[in-house]
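Here is the structure we will look at.
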């Protein structure tokens, strides 16, 4: 079936549709990871976005039950250069095509993904409309893209957070980073705010002897404190942190309690906002598994998985309040913060990986060590 | 942390001659590193015995030693230069082994030289299989079950326990020499026996077989802060069991989930720590079981490698350069990514294309050699292709191989094997063709995959190509729908392939395609999948919508490279192509390189201003010319590959720079060329051409036997033979299937016992200047590329040299040569004959350039662009004030079964240079550098043919006088006894044990002189030669080489070797 992608600047790409037959709108971003499309698809931080994979061949290893970061694909649409006609991997249970179709997500293949990527690099992330339905007029799609409200200032978290608190008990199982000895005994209690949490964050906490309670994004601070956690994790999530004033004030209340807090991605941005800093939108964000991040204290570089569109403005950070612990070597953006007088730190990237290198995994150890046992 | 300031000078060891398993990739790596280190202000000292390299060009180091890579010689260099550090990780296994020998011999300590880039401990762990296994197990990594055997009995006991097949890998040998698979106890006994002998430490690893497991490689880097990156993940199409150098490989890996890939990455990092590689690049190989994902670490190389060169070309990440910078103290985050300019080397490249590498083999040159691929590498070169998809890259790689394939296609009808299943199951160079034909016949993807061990994902891609081919064949040029044509081009089908489907010409397809608006676009290799802007125009073609790096408005010149290395066309041509790029840069012109060989310096993105990594076919090159609209194209430096494109490109309207296409054709066309020689009154051997057996016999009858026969338009003496009688000529003609009226057989009178010489000269149309005259040490009948030769000539009279000079001038002027010309001469009975003339760069250009200090290819480039030799200031032949000997390096040891005999067909893979003030020393150094150090005492085995029985006497007497014992087979022994020489007689193999091969195996022979007889290798001689190769005894197969050896041994006994850098030599020459 035919498929069309139309961008707000009027550019139209014609290719082959796959997955669901649908017409959708969203923000178009690209991801440069060469492995891990299933984890990317299912990462709730992509809610509201269509993801262009820059790697040539996608779908080669199908999809399986293990490599999911949430219970369903989260992307609005998935755009690839060459969709694999066959699935070849010992763990595969289903083809990518069938998986997307089953969940109502349209895909587009046989388009010049490099051309789209270059366009986004030059013009920034764009609004787009994609259709795999018949009889759709490209011009109408361009209009749809332009008419869409976009993600800026919107609360996308409400779309992906859980409805009620729950306990998470599954660890990484056979997929521990090399040399890591999991500690199965739940010695500490951690509450994770679900702003669209990736399951790998939960798994890495369980692997380290944490009893994990996941709570909905809008849970008030005192409710969380009533669970008497040893620490709180502010998860990743989609969209613009500026659209979440309520959550920011909850984070501020938590910070005041002195409880150990670990922020990841959106969680990191929320901490920054809570201490009075501002966030801003990057031209086309960071989406990939190869971002070099330098840790100021040691000078060491980690290759990290990243997926974010907003970043913390370092000029708005009060140096008496927080230190910048990590920076991105590609563009110098803030990648990590630590509060001076409280056991709170946060990173913009994804120490839980999946997809991506395990270089930053020890951050979980650093944090968990601070929790009472 | 900035670079180290406690080091000022660094010794870099090159990899020596090109051999199977160690090729041009080390020139690429070394050259990159030298440039980087000098830019940092270090004094760099280089030692390498290979004169054909760019790295040994004097401008790339402060002191360049072209000397044998032995501990004794390098110690002399260290004593003279007193470097503070030694960087051993850029010259392959040769450099690592040499560095270890220097370390273990106490030389490094004695002179206070620090090993940088790799510690002795790390080298030992990586090389010593048992230590490696222990280190891996300590780090919690899984390796195949194995034992280190020091005896055959130990090996058998182990294999009986774990079951057959098992792999055998001798410790400390190059490119898998001596490695093999044993499927039975008998095979095991035989192979272990050999492996233990080949291993310098007398041990071999016996290992459980992982046949059928998938193979992956990670190219990784680590700096002294323990920062770690994976530059590239390479997947082998061929499963475990085929040496990775002989495997078809691709990047990025296609069949791993992220979890599996990250586990591999974790292991890669753990391997680096466990081995103790503190800084630099390494290659780590993994096996993965496709049924359950189990993984094993196979091996690691703590240095740059063939794979790292491939990874650098595949990603744009210059591993060797960065490894050199890490070795002097930088960290990855301190090194800028030159492609994006704003990012740093501490990152992992993202690819939005697929790279496919296919090796190139040369079995056609080695009758008898087994073409089955296994754990010992046998290929001599490789092609790399870049496409947006695997299909496109595979098709481009196939056509870039220059083996007659126009893309992914099957066997030619006459070569089609009877049993396709067998051809699929057995890894050989033709396996892809078998896959094509099997799929075309309707075999299922599952079955092809099961037989080949190729992952079904790849076979499916190939099946789709076959499916597309079927669809295309249903149409003709006029009926094919534009949409289908576009799909075909997007999948990499070449115009020539489509023309073959439709029975029309390639040009017609091109016209049709262009009329439909289907033209290639060019994309950049940018390390980052377009995330950042790229500033280096490193380009590949694809059929996409967007086009990048548009041509500049500067005046520009396109240089055609020489494609995959093969015997007869190797690094020497790449050397000249690079020189052309340097010359263009000096002249302020934009240089544009087109090449498909990932091993080379020419395909480094900063050698030229623009690099097109493309197959060297008419279609691909013309596309570039139409896009770039250059002043012209340089075809003289790219060997036969570029030369073959000259006429088609000329006809298509391209401007060929330098010597005209017509003159090139004249020199190649036997009839036209011999008419020219007649006009110029220059003697040539009597000759004729033939397209049938009858014609051939007539010609031979007329000119007399023996005759030299060969096809027209070939390089490296492919299918060249000497026929001594009618019977062998008939046999040759029957096998010459390529004969056609356009491609007749050339038949020349063979000048027995002639001396041969060759000349490289530059001409500008008015003036001809000779760069050098080389005399061949072997007599006529040995291909010029295989013959040892010497500059200046040591046995040609002034009178004959003058004639050679005069003929050179006459021919070059008559051909209106603008650029380089190489002419081959033979001298017999006081007559100088011209054998052939080639108006292009020859294999000897780099050698002569090193010996004289005159960059011939650069001068030729300037001439091609219109400067006169006078303007350039090159009007007199350079004087040569020492003896420079070039010796060929032969691959027999790597190709079991091949006969180690020299003949008119070239067989050598590489060359070395030895130079000294006396001929004897120069020759001895060359032999030593070629790996066959001449013995100073011991026993010489003589076994010569009847023609040589007279002339061998003087040589035997000389050996006797120097105190050597003589051993000879019956006929030779009788001849020696007749003149009163003491000789020990020994049986030929056919005469029964104890025989000559026993003597060789027992180590009782230190030097062998065996001259083969006539056209065919007789079994007895062949056994001797094979034994010589197998047991590493220096072998001489011509009397003139033996005479030179006598001089050499005498010279060394008289006075030992001295060394001197080229820079000092040039300076002294200037002062004189």
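The values are calculated or read from the model by the stated rules, or taken from the named source; none is laboratory data. No experiment lies behind these values; they were computed from the predicted model shown. When we count neighbours, we look across all protein chains shown, and the Cβ atoms used for this are built from the backbone with ideal geometry, even at glycine.
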### Message
Tell me yes or no: at least one residue of the stretch B:1055-1062 is over 31 Å from the mean Cα position of the chain (by Cα), under 25 Å from residue B:788 (Cα atoms) and surrounded by fewer than 15 Cβ atoms within 10 Å (Cβ to Cβ).
### Response
yes
### Query
Is there any pair with a first residue in the stretch B:502-524 that is closer than 19 Å to residue B:483 by Cα and a second that is in a strand (DSSP E or B) and at pLDDT 95 or above whose Cβ atoms are under 6 Å apart and which are 6 or more apart or on different chains, and what are they?
B:520/B:541
### Query
Does residue B:870 satisfy being within 28 Å of the chain's Cα centre (by Cα) and either in contact (Cβ under 8 Å) with a residue 40 or more places away in the chain or in a strand (DSSP E or B) (or both)?
no
### Message
Given the criteria more than 23 Å from residue B:425 (Cβ to Cβ) and more than 9 Å from chain A (Cβ to nearest Cβ), does residue B:207 qualify?
### Response
no
### Query
Would a scan of the stretch B:761-773 turn up a residue that is over 28 Å from residue B:658 (Cβ atoms), in contact with a strand residue (DSSP E or B) (Cβ under 7 Å, 6 or more places away or on another chain), part of a loop (DSSP other than H, G, I, E, B) and not assigned by TED's automatic domain parsing to the domain that holds residue B:721?
no
### Query
Looking only at the stretch B:493-526, which residues are more than 10 Å from chain A (Cβ to nearest Cβ), touching a strand residue (DSSP E or B) at 6+ places or on another chain (Cβ under 6 Å) and buried (at least 21 other Cβ atoms within 10 Å of the Cβ)?
B:522, B:525
#### Entry: Selection count where residues are exposed (fewer than 15 other Cβ atoms within 10 Å of the Cβ) and within 13 Å of chain A (Cβ to nearest Cβ), scope the stretch B:433-486
4
### Task
Return the residue satisfying two criteria in turn: it lies in the stretch B:231-242 and is at pLDDT 95 or above and surrounded by 22 or more Cβ atoms within 10 Å (Cβ to Cβ), and of such residues it is farthest from residue A:354 (Cα to Cα).
B:237
### Query
Has the stretch B:790-800 got at least one residue that is crowded, with 21+ Cβ neighbours inside 10 Å, more than 25 Å from residue B:665 (Cα to Cα) and either without any contact (Cβ under 8 Å) to a residue 24 or more places away in the chain or out of contact with any helix residue (DSSP H, G or I) (no Cβ under 9 Å at 6 or more places or on another chain) (or both)?
no
### Query
What number goes with the only condition from (1) crowded, with 24+ Cβ neighbours inside 10 Å; (2) within 14 Å of another protein chain (Cβ to nearest Cβ); (3) under 13 Å from residue B:611 (Cβ atoms) that residue B:529 does not pass?
(3)
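Looking at B:264, B:240, can you tell me which residue is touching a strand residue (DSSP E or B) at 6+ places or on another chain (Cβ under 8 Å), within 14 Å of chain A (Cβ to nearest Cβ) and under 18 Å from residue B:299 (Cα atoms)?
Only one candidate passes the filter, namely B:264.
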### Query
Residues B:646, B:641: which one is touching a helix residue (DSSP H, G or I) at 6+ places or on another chain (Cβ under 6 Å) and surrounded by 17 or more Cβ atoms within 10 Å (Cβ to Cβ)?
B:646
### Query
Would you say residue B:1036 is crowded, with 21+ Cβ neighbours inside 10 Å and either modelled with pLDDT of 90 or more or not assigned by TED's automatic domain parsing to the domain that holds residue B:63 (or both)?
yes
#### Entry: In the stretch A:107-134, the residues that are at negative phi, part of a loop (DSSP other than H, G, I, E, B) and within 12 Å of chain B (Cβ to nearest Cβ)
A:111, A:112
### Query
Hey, does the stretch B:544-567 have a residue that's in contact (Cβ under 8 Å) with a residue 60 or more places away in the chain, within 14 Å of chain A (Cβ to nearest Cβ) and in contact with a helix residue (DSSP H, G or I) (Cβ under 8 Å, 6 or more places away or on another chain)?
yes
#### Entry: Any hit, the stretch A:166-176, residues being within 22 Å of the chain's Cα centre (by Cα) and in the same structural domain as residue A:27 (by TED's automatic domain parsing)
no
### Query
Which of the residues spanning the stretch B:243-252 are closer than 16 Å to residue B:296 by Cβ and at the interface with chain A (Cβ under 8 Å from one of its Cβ atoms)?
none
### Task
Give, as residue ranges, the strands (runs of 3 or more DSSP E) completely inside the stretch B:1-91 that count at least 3 residues that are touching a residue at least 60 places away in the same chain (Cβ under 8 Å).
B:9-13, B:63-65, B:85-87
### Task
Collect the residues in the stretch A:314-328 that are without any contact (Cβ under 8 Å) to a residue 40 or more places away in the chain and either more than 14 Å from chain B (Cβ to nearest Cβ) or buried (at least 24 other Cβ atoms within 10 Å of the Cβ) (or both), keeping them in residue-number order.
A:314, A:315, A:319, A:320, A:323, A:324, A:325, A:326
### Message
Can you pull out every residue in the stretch A:122-138 that is more than 15 Å from residue A:50 (Cα to Cα) and in contact (Cβ under 8 Å) with a residue 60 or more places away in the chain?
### Response
A:123, A:133, A:134, A:136, A:138
#### Entry: Residue in the stretch A:293-302 that is outside any loop (DSSP other than H, G, I, E, B), more than 12 Å from chain B (Cβ to nearest Cβ), in contact with a strand residue (DSSP E or B) (Cβ under 6 Å, 6 or more places away or on another chain) and farther than 18 Å from residue B:528 by Cβ present
no
### Query
Being over 30 Å from residue A:290 (Cα atoms), away from chain A (no Cβ under 14 Å) and surrounded by fewer than 18 Cβ atoms within 10 Å (Cβ to Cβ), is that true of even one residue in the stretch B:134-149?
yes
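Every residue, every condition in (1) surrounded by fewer than 24 Cβ atoms within 10 Å (Cβ to Cβ); (2) modelled with pLDDT of 95 or more; (3) under 23 Å from residue B:391 (Cβ atoms), yes or no:
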position	(1), (2), (3)
B:561	no, yes, no
B:570	no, no, no
B:573	no, yes, no
B:609	yes, yes, no
B:613	no, yes, yes
### Spans of helices (runs of 4 or more DSSP H) in the stretch A:177-289 with at least 1 residues under 23 Å from residue A:151 (Cβ atoms)
A:199-206, A:245-257, A:266-274
